[in-house]
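Right, one structure below, let's go through it.
The values are calculated or read from the model by the stated rules, or taken from the named source; none is laboratory data. On a predicted model such as this, the values are computed, not experimentally measured, just so you know. FYI the Cβ positions are ideal-geometry reconstructions off the backbone, even for glycines, and counts take in every protein chain you see.
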Amino acid sequence: MSVPGLQLSELPIGQPFSNFTTQDSTPVEPLAEKTYEIAKFREWRFEVAFGATVEVKLLKGSAEIFGTELPIGHKFTFTGTKSAIFTWHGCTLEVRGSPSVEYTSEETPMTAYTNLHFALEKQRGLSSESPTVQGPRVMIIGPENAGKTSLVKILTAYAVRQGQKPAVVNLDPKEGVLSLPGTLSATSFSTIMDVEEGFGSSPTSGPSPVPVKLPLVYYYGLETPEGNAKLYKALVSRMAVAVSSRLSEDDQNRSSGIIIDTPGTISQTPAGYDLLHHAISEFSVTTLVVLGSERLYSDMLRRFEDRPNHQHQPPPISIIKLSKSGGCVDRDDTFLRASRERSIREYFFGEPKKRTLSPYTMTVGFDDLNIWRVGEASTLNASLLPIGHDDDEEDGGGGGGQALLVQAECSMLFQHSVAAVLHAEVGDEVHVLAESSVMGFVYIASVDEQKRYMKILAPMPGRLPPKPLVVSSFPEPTFSLVG
Amino acid sequence: MSSTQLSSEEIAEDYRSSLEDLAFNSRYEISNLTVIAKENIHAAQAIARTIEEHIAKTSPNRKLPALYLLDSVAKNVGTPYTLFFQRDLYSTFMNAYSKVEPSVRRKLEEMLHTWKQPVPNSSSSNPVFSSEVTRKIDNALIKARTAALQHQQKQMKQQSQDPKAYNRSIVTPPPPPPQLHPQYKNTPPPVANGPSQYMNGQGYDYGNNGQSVYGRNTVGYMREYPMQSSTHSTGYSSVDTLLGDISGLIEVSQKRFAEDPLNQEIQKRLKALLDLRAILQTQQLPPAQLALVREQERLSANIPPPPPPPPTGLPPFLFPMPGSSFTPPPPPPIPPQIPMRQGKLDWRSIDVEMNTMSLKIPRPHLLPLLNEALPNQCSSCARRFADSEAGKKEKASHLDWHFRVHQRMAESVKRGQNRSWYLGEEEWIKSRDDGEDSSSLAPNPNSQSNSSNNTIGVSSSSSSDPNSSSNNPDPKDQYVIISDPSKTRAVCPICQEELKYEWHDESEEFVFMDAKQVGARIYHASCHAEASKDTAAGNLSRGTTPPDSGSGGKRKAEGDSGGPRVKVKREVHI
């Protein structure tokens, strides 16, 4: 999960635990240094508040963070995160700084998670032997804060560790993978993940100490899939096609298969089930992993169990139930909001002390922009409809329902929002635009309605590509980006 | 359907005809029939008898559903049905048991086990059927097993001797006809005095013979006891059989568990079984332990300990014959489920099934797989490489990459970096994220001709003349003009890093700085200069890592130090 967003908690600093040997306990120092011996099969869970940093170094033994191994002697710096270091064989960690929460747990679901990986590995093996056999396509579903993304990370890391090249698909707009919140993405993983950053970083113009990943990004712009089910479905379908093409192009991708993360809300309502069903069939999911919900599990069994009987075209789905890790912690809105803000900041400015990026500010006239808005069911929509816009715009809805995208007039309302730059052309039809992948993002720093221009922050120098932009309500406007 | 007017006979007759349709294990039909039995509880005696009769006379492959119905009625309706069933439960059960295939027998044993428990979720703590009856069945089963073992051991001793001697050795009063041996599916030709295709449950006409033997002498039926059915002469098969049995039990438990996930009892039991199987699969147990395992299995099946061994007093059953080994038999009909191999672990050794139960079993023997697929680890980022020539090469170039990144990191602080645009769909589909290090670190000077598959859309017409720019003394000042403003992403094939994209004042164009175009490829001019220098000097062949003057020694040392550490790690795993 390693989701950033924890405030300083009141827990005592550097509290020693019974199974730790505290060698150097000077809790008064701001960066107290301690050495922990973690016995095998245990997990050291820790949380670091925003603003605080904790450095962790593996001294000996072996250890992994969500499946990604830590090299010995390398210093990892964590801030605003909650994470866990698991060891199969025991390890010694040196920790500098004071995690707001820390404890070791001997109860982890790693056995089941690892077995799941092995079961997938077997299917990958079978697939690598025959070009007609597809690799496993596993989807993780479950309520919020059940550890879905952590499991996705573990499965991905283990696959990479064994030389596989899985495609990781994120269908949860609430948290972006290698991109901003509000996006859906697909990425082929063949290199080690950046444990400090969650999944890693998308490319920059400079070097990166951990290999960058290349995501394919789509902008959805709302927090939950139900917000605009039509757009969500369109994006999922589009992405499934792209990912399938990728798998058919690259044999290693094909046999390694797909690992799909899903939003927690999707598993809770009938409308969500419908979207879930849609995603499952679009991605031809072969294994459905239900994390931490008995009810969802039985619902899924009912929905998919008998499938091969009456219809022989879709392959049977294995439905697996796994328990949630005791380490899962609820993340409240403040935390999530802070983490969203951080990911926007990091998109433009990079990670502090690690990779400093220099975005460029530029001024653009309203008339040079082609801006769209994600259709929302809310009444806000009406006020944002273009007023006297001269393009013969289509509302994109195509019949009664909610619009995919609505062409919009530049206005103050966009101030402090992020706009997605589409891989599309001005003049493309609305359904083409809606399904276009994203080139990148710009931040709308200020809007001058009088003079009809806005100041934007673009990730790179040069003219802003003449592409359509899409704005929406999620992630919410960020005020602190440009001071 | 609660027509109290109908007489018991009529109801029973109706019931009988419904039973005829019970051809397979249909939950729906069984629950339907259970409901009917419940609604006609006044005719319980007649219905119970009808069910018993049906079980007795229906074909072997329909016995299981019929017994499931009995089970369902007993558990869901309870008295008075249980009382009626109980009277003849022993013969109903044993009769059916003797006629069905081994796989079905396991299901029956499983059912028997549940009869010793209280009905799930019921308030009563009494077992479904009284323990007297179930114990009697248990005892018969155990006797059968024991005797079958004796029989088997004798048979082994006399194996390769003439079949008559073998027959004489059996305690059975009526010498078994040859057809009685077919259950030894694995029996190699010497003893195969019966048709080996016999084991299909069809035409398994043990019938009267078996029935008459019950109670007095169980040997007749016991020889077909599933545990023995494939247990042949070697200890190896014992393991195999044991695994088979356990898997059978697991299967049943899983099914039950799926039906009733809240039942702690089933859960516990399942866990025990799964653990047991894991142990058997991971380790080659010595015979004595194996016997213990067998014991444990019996316990987990809740079969009481065997009655005093039969007169002959043979050694504990399932001890393999002296001299028998655990080595796999030449062509076993069922592939051995022993993942402990001499050779390397690979995905073929994985014994995890994609189902919830199988995922819960700890499999320590598979853990090394995580690391041993690619045992050669980079010491600075923990990335793994294959333990092969190619892997070593890859690792060497990976270390090169580390070195370069390190160098460039220092430089880049001064230069400033930007987030790049994401790839478009088409590019993404075609992109090959080989990660940081490409296999061909040394550019081939002849690559101009074969480099047309580059996705970067820089048209050569608009780029500055590469020849003229290459004359430029400082590579940093070289640039390539970008024709298509949307294609602003280019990766240097040498260092795998992005070319710096910026506005060039002089030419008033967007350019890649420090860039050099060779054919359709664009390199960092500095990388290219360095690489061509190296190529010229060392006359390197294609695909070889260019020696990096500054880092060569260091890398070498790193590579070497990686070796022993990996070794140490592996020892830990085992």
remark   = Of the residues in the stretch B:367-409 that are in a loop (DSSP other than H, G, I, E, B) and aliphatic (A, V, I, L, M), the one that is farthest from the other protein chains (Cβ to nearest Cβ) is B:Ala386
ask   = Within the stretch A:337-365, can you find the residues that are in a helix (DSSP H, G or I) and either touching an Asp or Glu at 6+ places or on another chain (Cβ under 8 Å) or within 14 Å of chain B (Cβ to nearest Cβ) (or both)?
value = A:Arg337, A:Ser339, A:Arg340, A:Ser343, A:Ile344, A:Arg345, A:Glu346, A:Tyr347, A:Phe348, A:Phe349
query = Can you name the residue in the stretch A:102-138 that is within 24 Å of the chain's Cα centre (by Cα) and β-branched (Val, Ile, Thr) and, of all such residues, is surrounded by the most Cβ atoms within 10 Å (Cβ to Cβ)?
reply = A:Val138
remark   = Of those in the stretch A:181-196 that are more than 10 Å from every other protein chain (Cβ to nearest Cβ) and in contact (Cβ under 8 Å) with a residue 60 or more places away in the chain, the residue farthest from A:Val48 (Cα to Cα) is A:Gly182
request  = Could you list, in sequence order, all residues of the stretch B:76-121 that are of a type in the set (Lys, Arg) and over 27 Å from B:Leu273 (Cβ atoms)?
outcome  = B:Arg87
inquiry  = Considering only residues that are closer than 15 Å to A:Tyr220 by Cβ and within 13 Å of another protein chain (Cβ to nearest Cβ), which ones fall in the stretch A:424-437?
reply    = A:Glu435, A:Ser436, A:Ser437
task = Looking only at the stretch A:461-469, decide whether some residue is part of a strand (DSSP E or B) and under 23 Å from A:Arg337 (Cβ atoms).
result = no
remark   = Every listed condition ((1) surrounded by fewer than 18 Cβ atoms within 10 Å (Cβ to Cβ); (2) facing chain A (nearest Cβ under 7 Å)) holds for B:Pro364 save (2)
task = Mind counting the residues in the stretch B:116-157 that are among the hydrophobic types (A, V, I, L, M, F, W, C) and part of a loop (DSSP other than H, G, I, E, B)?
result = 3
task = Run A:Leu70 past the list (1) within 7 Å of chain B (Cβ to nearest Cβ); (2) out of contact with any Asp or Glu (no Cβ under 7 Å at 6 or more places or on another chain) and report the number of the one that doesn't hold.
result = (2)
query = Being within 12 Å of chain B (Cβ to nearest Cβ), closer than 22 Å to A:Leu151 by Cβ, among the polar types (S, T, N, Q) and out of contact with any Asp or Glu (no Cβ under 7 Å at 6 or more places or on another chain), is that true of even one residue in the stretch A:197-207?
reply = no
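Which of the residues belonging to the stretch A:466-476 are of a type outside the set (Gly, Ala, Ser) and crowded, with 18+ Cβ neighbours inside 10 Å?
Result: A:Lys467, A:Pro468, A:Leu469, A:Val470, A:Val471, A:Phe474, A:Pro475.
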request  = Evaluate the following for B:Leu359: is it facing another protein chain (nearest Cβ under 8 Å), closer than 19 Å to A:Thr286 by Cα and not in a loop (DSSP other than H, G, I, E, B)?
outcome  = yes
message = Would you confirm, using the coordinates I've provided, whether A:Leu301 is buried (at least 24 other Cβ atoms within 10 Å of the Cβ), in contact (Cβ under 8 Å) with a residue 12 or more places away in the chain and more than 18 Å from the chain's Cα centre (by Cα)?
response = no
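Yes or no, residue by residue, for (1) under 21 Å from A:Tyr453 (Cα atoms); (2) at pLDDT 90 or above:
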residue: A:Ile344; (1), (2): no, yes
residue: A:Glu351; (1), (2): no, no
residue: A:Gly400; (1), (2): no, no
residue: A:Gln415; (1), (2): yes, yes
request  = Scan (1) among the β-branched types (Val, Ile, Thr); (2) in a helix (DSSP H, G or I); (3) more than 9 Å from chain B (Cβ to nearest Cβ) for the single condition A:Val243 breaks and write down its number.
outcome  = (3)
request  = Could you name every one of the helices (runs of 4 or more DSSP H) located completely within the stretch B:15-83 that has at least 2 residues being more than 38 Å from the chain's Cα centre (by Cα)?
outcome  = B:27-39, B:44-57
query = Name the residues in the stretch B:26-48 that are under 20 Å from B:Asn61 (Cα atoms) and surrounded by fewer than 16 Cβ atoms within 10 Å (Cβ to Cβ), would you?
reply = B:Ser26, B:Arg27, B:Tyr28, B:Ser31
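From B:Asp14, B:Asp88, which residue is surrounded by fewer than 20 Cβ atoms within 10 Å (Cβ to Cβ), touching a Leu at 6+ places or on another chain (Cβ under 9 Å) and without any contact (Cβ under 8 Å) to a residue 40 or more places away in the chain?
Step by step, each of B:Asp14, B:Asp88 is checked, and only B:Asp14 is surrounded by fewer than 20 Cβ atoms within 10 Å (Cβ to Cβ), touching a Leu at 6+ places or on another chain (Cβ under 9 Å) and without any contact (Cβ under 8 Å) to a residue 40 or more places away in the chain.
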